[in-house]
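Just below is one structure, and these are the notes that go with it.
The values are calculated or read from the model by the stated rules, or taken from the named source; none is laboratory data. Small disclaimer: the values here were computed from a predicted structure and weren't measured. The protein model used for the area step is the full one, side chains on, heavy atoms only, and it has no ligands, DNA or RNA in it. Shrake-Rupley method; radii C 1.70, N 1.55, O 1.52, S 1.80 Å.
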Amino acid sequence: MLVFAASDKGGTGRSVTSANLAYRRALAGDDVAYLDFDFGSPTAAAVFDVPGALRGIEQGGLHSYLQGRIAEPVRVDVWSETEHEVLRRRQTGSGSLLLLPGDRSGGEFAVGKDTVRRCVDLLLRLNSEFDLVVVDLSAGRSYAVDMALEATSRPEMRHVGTRWLVYHRWTRQHVIAAAGLVFGRRGIVAGGVDRGHDEQELRRSIRFVRAAVPDPESPLWSQVPPAQSAWMRKCDQELGELAAQLEAGYSMVLGSVPLEPVLQWREQLITDEDVLSSKIANMETRQALEDLAQRLTDDEAWGQP
């Protein structure tokens with residue numbers, strides 16, 4: 001299955017959450033590939049603590065492949081290349097976890113027929129090799145998003161299971177932006193239909209993920225003054241009503257990740273050791289990521305038979 005991770009803005013938690021989902025699925029035994037299609041800022045390797053690709057790689061990355069300069073993009077085995085001590089002690093029974101990084105100075109680029117063809121070829125090969133392929137797209141209605149829509153519209157891709165996660169923080173501005181990215185005049189749905197996608201099928205393949213969601217009922221906020229607590233609850237209710245009005249309400253949400261202090265300071269994988277041993281991360285965050293990872297391929301969670 002292909003999972004495209006999109007967001008209208010930077011700072012939504014798209015990359016760090018997607019990397020955590022890939023990590024969780026690999027721990028569960030799935031073979032997972034993670035593609036860094038954030039061409040303007042290919043920094044997904046930083047979440048996996050892969051030192052040689054923190055800002056992309058010097059040559060042989062996805063930019064080079066898609067632009068036809070190399071036959072195959074570089075693959076990085078996260079388990080063996082990471083500096084993260086926990087990941088290097090790969091758990092028994094875990095599947096493969098590979099990162100395909102971008103080029104360090106690649107930047108955004110226009111998409112032509114040859115680029116789309118190479119993208120289709122790559123996605124088909126990876127889909128046949130891996131249980132899950134996560135494609136981290138540049139923010140906004142970017143060239144990367146356009147390429148993903150174009151590639152998945154091709155006849156040879158119609159049999160491939162494809163889903164879209166659209167990330168946003170739990171603020172008014174982010175909710176409006178995320179809904180616009182999906183349903184706006186030049187959004188994902190309209191862009192997909194222009195390229196031949198069936199509108200209803202495309203809509204069914206899209207879900208929102210709310211990141212850094214503060215819970216007014218959590219211990220983290222239990223000590224705030226009563227007036228502040230009441231204000232937070234009111235804001236939370238208003239945001240829920242706004243999301244529903246913009247078709248980004250509860251029925252369109254695959255999951256929410258709570259506000260996690262660790263992720264505010266450092267974009268990283270949340271391991272069981274972080275929760276159970278050092279106790280720097282919250283169990284609620286770990287559970288939310290675990291639940292979200294499972295729902296990626298759960299047809300019932302997507303309202304599909």
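Points to keep in mind about this one:
- Accessible surface, per residue, of the chain when the full set of protein chains is kept, probe 1.4 Å, Å²: 46
- Kirkwood hydrodynamic radius over Cα pairs of segment 150-205, then Stokes diffusion coefficient at 37 °C and 0.692 mPa s, in µm²/s: 271
- Per-residue accessible area (protein heavy atoms, 1.4 Å probe) orders T162, T152, T43 as T43, T162, T152, starting from the largest.
- Distance from the alpha carbon centroid of segment 155-197 to that of segment 19-74 works out to 22 angstrom.
- Projected area, mean over directions - segment 94-155, Cα convex hull, nm²: 5.2
- Hydrodynamic analysis of segment 58-207 uses the Kirkwood radius over alpha carbon pairs. Inserted into Stokes-Einstein at 25 °C and 0.890 mPa s, it gives a translational diffusion coefficient of 143 µm²/s.
- The Rg/Rh ratio of segment 48-114, with both radii computed over alpha carbons and Rh defined as the Kirkwood radius, is 1.07.
- Highest-fluctuation residue, P101, P225, P261 considered, GNM on the chain with Cα pairs under 10 Å: P225
- Share of pairwise Cα separations in the chain, more than 37 Å, in percent: 12
- The convex hull of the Cα atoms of segment 265-305, projected and averaged over all directions, covers 3.5 nm².
- Note on segment 158-279: Cα-only Rg and Dmax are 17.5, 54 Å.
- Only Cα sites of segment 1-117 enter the Debye sum here, all with the same form factor; the resulting log10 I(q)/I(0) across q = 0.10, 0.11, 0.12, 0.22 1/Å is -0.29, -0.36, -0.42, -1.30, listed in q order.
- Normalised contact order of the chain, rounded percent, pairs of Cα under 8 Å and 6 or more residues apart: 24
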